[in-house]
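The values are calculated or read from the model by the stated rules, or taken from the named source; none is laboratory data. Note that the structure is predicted; figures quoted are calculated from it, not measured. All Cβ positions, glycine included, derive from the backbone under ideal geometry; neighbour counts span all protein chains shown. Areas reflect the complete protein model, heavy atoms only, side chains present, ligands, DNA and RNA absent. Shrake-Rupley method; radii C 1.70, N 1.55, O 1.52, S 1.80 Å.
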Amino acid sequence: MRLLRDVEEWRAFADAQRAAHRRVALVPTMGALHAGHWSLFTTAKERGDVVIATSFVNPRQFDDQADLARYPHTPEVDRAAAETHGVDCLVEPSLVEMWPAYPDPTPTTVSVRALGDVLEGAARPGHFDGVASVVAKLLIVTGPCRVYFGEKDFQQLAVIRQMVHDLSFAVEVVGCAIVRDGDGLALSSRNAQLSDDARRRALVLSRAVARAGEAPTSASELRRVLRTTLASADVEVVYAEVVDPVTFAPSGDGDSGEARALVAAIVDGVRLIDNGPVLLKGDQ
Ligand code: AMP
């Protein structure tokens, strides 16, 4: 596995793969790798791509400096895990190359309006501007590729699809299923910050999403299921919503067909999200 830091070496690596008629995959991460990240690497590898993974904790997508300060870093373990799980080139770009003006604001920002303003975007102002801006830069350096994202961050996936479509990136966006622990908790780098007790309470997120996915019903009934399930544990609910999976418009009681249930909650100071598919049965 190649380990790179320099943006120009990374660009040259990707260019050389395409020149040799190999397809490039990009898997952006913020490090602290777990089986959720590994699944993206192995999916890309199984599809025959040369896998470039990036590990960069992007400060521009954190609205809360304390959250950024306690974000886990496990670079040595990550390097070994990346190699084991099929990464061909791991890039650990420096802050100064990614955001030369930091900590001053970077003059150039990519904003995906509407989609980026609701749910996570409303709860974390500027979050998706930071995500879209960093992913735009990662894609521009990497060049034409397939980019892999987890459905764990379902709204992020939608924001990136919209950006790639609107700005005509030569990129195919691939969404990958959520990887969960045996008890249902969606894997997240943040889970390492949970005490045993908080982790037990955090299970209410996956339980709420699973219950909402059990049987087709109206949007308002699904919201009620999400909220009552979340209320059964001592967690601070940020949102519990049912939306159109592409536009993120809130689902109405007249709607039918596929929708997405999304929840966010703070458990002992740790912010967790989860989501899953639901089926709407419109008003009869
Ligand atoms: P992060 O390092 O948290 O920014 O995540 C990097 C990528 O891994 C994103 O595309 C995430 O959606 C994805 N990811 C994180 N956790 C999971 C999971 N439990 N299952 C699937 N994908 C995940």
Paramagnetic label zone (point 7 Å from Cα along Cα-to-C-beta, Asp197; backbone N under 13 Å) in the range 222-259: 234-235
The range 2-176: mean projected area of Cα convex hull, nm²: 9.5
Of all accessible heavy-atom area on the chain, the percent that carbon and sulfur account for (1.4 Å): 53
Nitroxide proxy distance, nm - points 7 Å out along Cα→Cβ at Ile140 and Met1: 2.8
Nearby lysines by direct alpha-carbon distance to Lys152 (threshold 21 angstrom, same-chain neighbours under 8 apart not counted): Lys45
The chain, relative contact order in percent, only Cα pairs under 8 angstrom and at least six apart counted: 16
Where labels lie 7 Å past Cα in the beta-carbon direction, separation of Glu97 and Asp253 in nm: 5.6
Part-to-part distance (alpha-carbon centres) for the range 243-284 and the range 118-165, which is given in Å: 19
Approximate spin-label separation His21-Ala69, in nm, with each point projected 7 Å along Cα-to-Cβ: 5.5
Considering only the chain, percent of DSSP beta bridges that pair antiparallel, nearest 5: 50
Inter-centroid distance (Cα atoms) of the range 1-25 relative to the range 80-100, Å: 12
Residue-normalised accessible area of the chain, given per residue in Å² at a 1.4 Å probe: 45
Note, ³J(HN,Hα) from phi for the range 171-183, Karplus 6.51, -1.76, 1.60, rounded to Hz, x at Gly and Pro: 9, 9, 8, 10, x, 10, 4, 6, 9, 10, 6, x, 8
Stokes-Einstein D in µm²/s, Kirkwood radius over Cα pairs - the range 166-284 at 20 °C with 1.002 mPa s viscosity: 142
Long-range HN-HN contacts of Val278 with modeled amide H, under 5 Å: Ala259, Arg260, Ala261
